[in-house]
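Colleague: Submitted below is the structure of interest, expressed as structure tokens.
The values are calculated or read from the model by the stated rules, or taken from the named source; none is laboratory data. Computed from a predicted model, the values in this text were never measured in an experiment. Here the Cβ positions follow ideal geometry from the backbone for every residue, glycine too, while neighbour counts run over all protein chains shown. In case anyone asks, the SASA skips ligands and DNA or RNA and just uses the protein heavy atoms, side chains included. Shrake-Rupley method; radii C 1.70, N 1.55, O 1.52, S 1.80 Å.
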Amino acid sequence: MALVTTTEMFRKAYEGGYAIGAFNVNNMEIIQGITEAAAEEKAPLILQVSAGARKYAKHGYLMKLIEAAVADTGLPIAVHLDHGDDFEICKSCIDGGFTSVMIDGSKHAFEDNIRLTKQVVDYAHSKGVVVEGELGKLAGVEDDVNVADEDAQFTDPAEVEEFVTQTGVDSLAIAIGTSHGAYKFKPGQTPRLRFDILEDIQKRLPNFPIVLHGASSVIPEFVATVNQYGGRMPDAIGIPEEMLRQAAKSAVCKINIDSDLRLAMTATLREYMALHPDHFDPRQYLTPARTAIKDMVKRKLVNVLGCSGKA
């Protein structure tokens, strides 16, 4: 099977009341862990690459690893640019084989966001590539995304129809209370998603796929392991998985997960190195890290996204 776009994935997800997992990738072990989990669960999959990941691993290396994963698993896999911030990076990814790109113009004024997003959409559609846009601003820090709490903005439902109509985007990322990174909420805050905003948007955009960014749950056992072996993450609180399950049953067709991958790998590596200080073969400590990613992804596919068996 070749790489696919998200068009058919999202149509089935919307009709079936589940969401597709969009997992950020940076190296071979992360890609293997994610795709092995999806293969065992027979789940459709989006592998997404940030600008930071392209700098770290290089575009060509990541594409060849993803192509190997497609050949190995036979799964429908889409390759998506996460948070492209200008036309040039989107064009580079489109020309380089990505099947989906996100243009994040949320930092711009509404009219400028429309103008930039439409520019990307026009080019992408001419190449058979789909586009995700964004309205609203998520707080938090992740790779090149850095938005202070005071600058975060919920998506205004009154703007979504004009934005989608004027730009021609294929999906829309919205801000309803998720946040980038592991430190999503301040101590004492209760995580809460604005399902009222989501419902309003769904009424205004019937049968249109919605995306949630910053949706890692910051799984407590990983945080505990990191802290046990020298970490300092006492206030890391993510989005409760039951809230994400509820979102996945609505118009939300794509849920982004990155921080949970990082935590799964980091917690396992910290524990392994502490318990085996004399080991220096990367295969020894990267193997359990890859397994931890696989187990975490399976948990998301089955218990949160609901897309197990939907490939």
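Colleague: Take the conditions touching a residue at least 24 places away in the same chain (Cβ under 8 Å) and open to solvent by 10 Å² or more (accessible area, probe 1.4 Å) and apply them to LYS310. Does it pass?
Modeller: Considered against the rule, which asks whether it is touching a residue at least 24 places away in the same chain (Cβ under 8 Å) and open to solvent by 10 Å² or more (accessible area, probe 1.4 Å), LYS310 comes out as yes.
Colleague: Scanning region 25-53 for residues that are on the phi < 0 side of the Ramachandran plot and surrounded by fewer than 18 Cβ atoms within 10 Å (Cβ to Cβ), which turns out nearest to the chain's Cα centre (by Cα)?
Modeller: Of the residues in region 25-53, the ones on the phi < 0 side of the Ramachandran plot are 25-41, 43-53.
Subsequent filtering for residues that are surrounded by fewer than 18 Cβ atoms within 10 Å (Cβ to Cβ) retains 27-28, 39-40, 52.
Numbers: ASN27: 16, MET28: 18, ALA39: 18, GLU40: 20, GLY52: 14 Å.
Per the criteria, the residue is GLY52.
Colleague: Could you say whether any residue in region 116-139 is modelled with pLDDT under 95, part of a helix (DSSP H, G or I) and not polar (S, T, N, Q)?
Modeller: no
Colleague: Kindly indicate which of LEU212, LEU261 is surrounded by fewer than 24 Cβ atoms within 10 Å (Cβ to Cβ) and either more than 14 Å from the chain's Cα centre (by Cα) or within 23 Å of PRO44 (Cα to Cα) (or both).
Modeller: LEU261
Colleague: Got a sec? Which of PRO234, PRO288, PRO206 is assigned to a loop (DSSP other than H, G, I, E, B), surrounded by fewer than 16 Cβ atoms within 10 Å (Cβ to Cβ) and modelled with pLDDT of 95 or more? Talk me through it step by step, then tell me what you get.
Modeller: Working: PRO234 fails: modelled with pLDDT of 95 or more; PRO288 fails: assigned to a loop (DSSP other than H, G, I, E, B).
After applying the criteria, what remains is PRO206.
Colleague: Residues of region 160-181 being hydrophobic (A, V, I, L, M, F, W, C) and part of a loop (DSSP other than H, G, I, E, B), which ones?
Modeller: VAL169, ALA175, ILE176
Colleague: Oh, and also: Given the options TYR61, TYR14, TYR56, name the one that is under 23 Å from MET296 (Cβ atoms), open to solvent by 10 Å² or more (accessible area, probe 1.4 Å) and of a type outside the set (A, V, I, L, M, F, W, C). Explain how you work it out, then say what you get.
Modeller: Details: TYR61 fails: under 23 Å from MET296 (Cβ atoms); TYR14 fails: under 23 Å from MET296 (Cβ atoms).
None of the other options fit; the residue is TYR56.
Colleague: Would you check which residues across region 285-297 are more than 12 Å from ASP260 (Cβ to Cβ) and of a type outside the set (A, V, I, L, M) and list them?
Modeller: TYR285, THR287, PRO288, ARG290, THR291, LYS294
Colleague: What do you reckon, is GLY21 within 18 Å of the chain's Cα centre (by Cα), closer than 18 Å to VAL101 by Cα, of a type outside the set (Asp, Glu) and open to solvent by less than 10 Å² (accessible area, probe 1.4 Å)?
Modeller: Against the criterion (within 18 Å of the chain's Cα centre (by Cα), closer than 18 Å to VAL101 by Cα, of a type outside the set (Asp, Glu) and open to solvent by less than 10 Å² (accessible area, probe 1.4 Å)), GLY21 qualifies.
Colleague: Among (1) in a helix (DSSP H, G or I); (2) touching a residue at least 60 places away in the same chain (Cβ under 8 Å), there is one condition ARG283 misses while meeting the rest; what is its number?
Modeller: Unmet for ARG283, out of (1) in a helix (DSSP H, G or I); (2) touching a residue at least 60 places away in the same chain (Cβ under 8 Å): (2).
Colleague: Quick one: in region 298-311, of everything that is aliphatic (A, V, I, L, M) and over 16 Å from the mean Cα position of the chain (by Cα), which residue is farthest from ASP260 (Cα to Cα)?
Modeller: Selected residue: ALA311.
Colleague: Next up: List every residue pair whose Cβ atoms lie under 9 Å apart, where the two residues are 6 or more positions apart in sequence or sit on different chains, the first residue falls within region 104-123 and is surrounded by fewer than 22 Cβ atoms within 10 Å (Cβ to Cβ), and the second residue, located anywhere, is among the basic types (Lys, Arg) and modelled with pLDDT of 95 or more.
Modeller: Listed by first residue and then by second, the contacts come to HIS108/ARG115; TYR123/LYS91.
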